[in-house]
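No value in this document is a laboratory result; all are computed from the given coordinates. Please read these numbers as outputs of a predicted model, since none were measured by experiment. When we count neighbours, we look across all protein chains shown, and the Cβ atoms used for this are built from the backbone with ideal geometry, even at glycine.
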């Protein structure tokens, strides 16, 4: 089994790998100051080649999502006996071949909304 994990920095550095990846951070003393600061942010994107679908993403020469993950494969493993499986399929009366596609499922929103955070105010003293 081989697992490759891409580096996950808090902000994209040099290359945004997917839509919605954070590219800027504002820290301010107030909401209005934060809003003013966001208006000063300029991000210039260079359109990179994209691939849609697993087969295209795994094809030789496909653009890499993460430069440190060769072949766009992060999780690769073998399970069972390949030859026994091939033999069983060869002996089967009927063989069904199909490709199943699963929609992207995530427990977090793809494009998170900005958040307003304020440090807790100290308790008032009598």
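For this structure, a couple of remarks:
- Given R0 = 30 Å, the distance between the Cβ atoms of residue 44 and residue 75 translates into a calculated FRET efficiency of 0.35.
- Where only C-alpha atoms are counted, convex hull volume of region 1-80 per residue in Å³: 139
- Modelled this way, with points 7 Å down the Cα-to-C-beta line, the labels at residue 87 and residue 33 are 7.4 nm from one another.
- Contact order relative to length of region 1-80, as percent, for alpha carbon pairs under 8 angstrom and 6 or more apart: 39
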